[in-house]
Amino acid sequence: MVSFIVFGASGHLAHQKTFPALFNLYARNCVNRQSFYVVGYARSKLSEPDFQNSLKDFIKPEQEQAKLYDEFISRVSYFTGQYDQADSFKEFNKYLENLEKNTDQSKGLRVFYLALPPSAYVSVGNFIHDHVYLPDGRTRMIIEKPFGKDYDSSIKLKEDLHKKWSEDEIYRIDHYLAKDMIINLPTLRFANPHSLDALLNNHHVKSVNISMWEGGGCDGRVGYYDINGVVRDVLQNHMSQIFTVAAMDEPKSESPDDVRYEKVKVLKATSHASLKDSILGQYVSGNGKGGYKDLEGVSKESKATTYVATTLFVDNERWKGVPFVFDSGKSLERGRVEIKYYLKGKESGIFTDVNQDHYISFSVQPNQEVVLTAFANKPMSSERTCVNASLNLNFKEQFSEEMKNKRDAYEILFEDAIRGDPTKFVRDDEVEYAWRIFDEILDSPNEPLPYPAGSTGPKEAEQYLKSHLKLIQ
Ligand SMILES: NC(=O)C1=CN([C@@H]2O[C@H](COP(=O)(O)OP(=O)(O)OC[C@H]3O[C@@H](n4cnc5c(N)ncnc54)[C@H](OP(=O)(O)O)[C@@H]3O)[C@@H](O)[C@H]2O)C=CC1
Ligand SMILES: O=C1O[C@H](COP(=O)(O)O)[C@@H](O)[C@H](O)[C@H]1O
């Protein structure tokens, strides 16, 4: 039997992401339906039917899933409790034992998911361990970013959690690790050593651009965003994770630890971001959209950064000398996430007269696509006429059947946590090294550079990207 317990069940994330993902797992038969129970836990005093009803607007079953939805909801219950009182957890243990009473309790698994502000993690983690913990690897705790607010606080959080929990019981979510293209990247690279991965090193690559552009602004999240900004929000976590998968060497095996060992090796060999070599910006009104400071609750003095461009180097054999340039922002022209490895031009031979910023790109969203741009001779031309061409692997076209059943990242991660596979979760040392890399640019004393909402970022970023990526055009 699996009991999946959602702390903070009354909140935004639980409704938006957690319960819909749990329903999908159930509907797709990815869990044993007969022995799967979901319990919402929060302080808000809600009756079970009221809580179940509150999920209706968020879970969107297909027409033919109506019966499954009712079945799923009948397995969702709700418990009102505190996060800082032992009595609540003692009561909760009785509640869970009662729920699990008709099953073989020596085989039961409890997965605790903390959709809570991080300030509650340690207290809740301690009480779970003291009062509702099952031994023998049958308890897992999933936590959400942010894992601290800088290097020092992340170490403290780790140490506090490790007083009771072993590392292999803690599952730190970074949902980017469960995006299609990121899951696919090791296969695309290491299963194709003579083609794709053969290109990905400092013999062929002159620079790498990891971009995470968001079309949306910070509406509805200013309380969180104003103290965190873009570096804490996405660069230290999602973009670092993309970076490690994009830069790592082939792991010795597919075991979670071998994979994460290679990712950590990259982070350890990586330089630290500096304020001197970064562009930090904040959106102002433009293109018919309001600016960051126009949002309710934002002070006119706010220095929160909503745009960043920065550059890192990896000091290892594969990547020595290749700049990894990151750029990310809110309220940009469009949303797109991609890794682009820019390829070197020819230095000798018969084609040195043509040069272009050719690249191999892995697009994470909105489309999942691998593109290799290259020169070709113009067809039907008897003379040598180099033109730009491209080789494309578009997931929607080549895997049309599979892409019809697209799964949300949370669904994939919950299934992995239930199965006990931590590969797509973040290990403690990954978090620490990533904080260390970005510590200097977390809180800049400088005024962020303005850029119009709906644009491509601060005007200074254009030149920055061009020169750091060594672009010709
Ligand atoms: N929302 C999102 O899309 C994402 C959120 N996250 C992370 O997930 C976690 C939860 O996010 P979200 O659901 O948006 O947060 P909410 O603000 O909605 O909080 C979730 C629940 O936690 C309880 N809560 C709120 N404030 C406190 C507090 N100060 N102390 C203890 N409990 C509190 C409330 O439940 P009650 O009072 O009923 O107990 C609330 O319903 C956060 O760590 C966030 O950073 C990560 C990625 C995306
Ligand atoms: O964690 C976060 O991620 C989202 C972007 O996730 P996506 O799956 O929609 O690309 C980001 O908008 C948000 O600010 C951040 O907290």
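The values are calculated or read from the model by the stated rules, or taken from the named source; none is laboratory data. Only a predicted model underlies this, so the values are computations on that prediction, with no experimental measurement involved. Positions of Cβ are backbone-derived with ideal geometry, glycine not excepted, and every protein chain shown enters the neighbour counts. These area figures cover heavy atoms from the full protein model, side chains too; ligands, DNA and RNA do not enter into them. Shrake-Rupley method; radii C 1.70, N 1.55, O 1.52, S 1.80 Å.
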If you count only protein heavy atoms with a 1.4 Å probe, what accessible area per residue comes out for region 30-174, rounded to a whole Å²? 50 Å²
Given all pairs of distinct Cα atoms, region 194-321 yields a Kirkwood Rh in Å of 17.0 Å
Please provide three numbers in whole Å: the alpha-carbon extents of region 338-473 along the principal axes, with the largest listed first. 61, 49, 33
Acute angle (nearest 10 degrees) that the helix 428-438 long axis makes with the longest principal axis of the chain, alpha-carbon atoms: 40 degrees
Name the long-range amide H neighbours of Gly335: under 5 Å, sequence gap of 5 or more, or other chain; modelled H, no Pro or chain starts. Gly215
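What part of the accessible area of the chain, given as a whole %, is carbon or sulfur when the probe is 1.4 angstrom?
Details: 10680 of 21740 Å².
On the chain, the fraction of accessible area on carbon and sulfur atoms equals 49 percent.
What pairs from Lys149/Lys289; Lys330/Lys406; Lys17/Lys101; Lys179/Lys396; Lys206/Lys320 go past 22 Å between their alpha carbons?
Working: Lys149/Lys289 30 Å; Lys330/Lys406 25 Å; Lys17/Lys101 29 Å; Lys179/Lys396 14 Å; Lys206/Lys320 10 Å.
Lys149/Lys289; Lys330/Lys406; Lys17/Lys101, as the Cα separations exceed 22 Å there.
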Phi angles of region 52-67, converted by Karplus (6.51 cos²θ - 1.76 cosθ + 1.60, θ = phi - 60°) into ³J(HN,Hα) in whole Hz with x for Gly and Pro, give 4, 5, 5, 7, 4, 6, 10, 8, 10, x, 5, 3, 6, 9, 4, 5
Students often check this: by mean Cβ neighbours within 10 Å, which of 395-401, 330-336, 153-159, 359-365 ranks highest, and how do the rest follow? 359-365, 330-336, 153-159, 395-401
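By the gyration tensor of its Cα atoms, with a ≥ b ≥ c the square roots of the eigenvalues, what is the shape of region 161-216: rounded for a/c under 1.5, prolate for a/b over b/c, or oblate? List each step's numbers first, then the result.
Numbers: a/c = 2.48, a/b = 1.71, b/c = 1.45.
Prolate shape, in that a/c is at least 1.5 and a/b is the bigger ratio.
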Length gained if Asn201 through Thr352 is fully extended, taking 0.36 nm per residue and subtracting the Cα-Cα distance, is 52.3 nm
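Keeping all protein chains in place, calculate the accessible area per residue for region 347-473 (probe 1.4 angstrom), answer in Å². Walk me through the numbers on the way to the answer.
Values: 6950 Å² over 127 residues.
I get 55 Å² per residue for region 347-473.
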Out of region 69-101, which trypsin sites (Lys or Arg not before Pro) are coil in DSSP terms and have no more than 15 other C-beta atoms within 10 Å? Lys101
Amide hydrogen neighbours beyond the local backbone of Tyr359, cut-off 5 Å, H modeled: Leu343, Thr373
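Considering only DSSP beta bridges where both residues belong to the chain, give the percentage that are antiparallel (nearest 5). The partial results should precede the final answer.
Working: 41 of 78 bridges.
Bridges in the chain that DSSP calls antiparallel: roughly 55 percent.
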List the residues, sorted by chain then number, that are 5 or more residues from Gly40 or on another chain and whose placed amide H is less than 5 Å from its amide H. Val6, Ser77, Tyr78, Phe79
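Expressed as cubic angstrom per residue, what is the convex hull volume of the alpha carbon set of region 115-273? Don't skip to the answer; put the middle values down first.
Details: hull volume 24.8 nm³, N = 159.
Taking only Cα atoms, region 115-273 has a hull volume of 156 Å³ per residue.
Based on the Cβ-Cβ distance from Thr103 to Glu401, what FRET efficiency comes out when R0 is 35 Å, to the nearest 0.05?
Working: r = 37 Å, r/R0 = 1.05.
Computed FRET efficiency for Thr103 and Glu401: 0.45.
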Separation of the Ala120 and Gln16 label points, Cα + 7 Å toward Cβ, nm: 1.7 nm
How tilted is helix 459-468 with respect to the longest principal axis of the chain? Cα atoms for both, answer in degrees (0 to 90, nearest 10). 70 degrees
Please report the spacing between the Cα centers of region 31-95 and region 394-431 in Å, no decimals. 24 Å
State, to one decimal in nm, how far the label point of Lys45 lies from the label point of Lys303, with both points 7 Å from Cα in the Cβ direction. 4.5 nm
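From the P(r) of the chain, can you give the percent of Cα pairs sitting at distances over 27 Å? Provide the component values of the computation, followed by the final result.
On the way: 66495 of 111628 pairs.
Considering the chain, 60 percent of its Cα-Cα pairs are separated by more than 27 Å.
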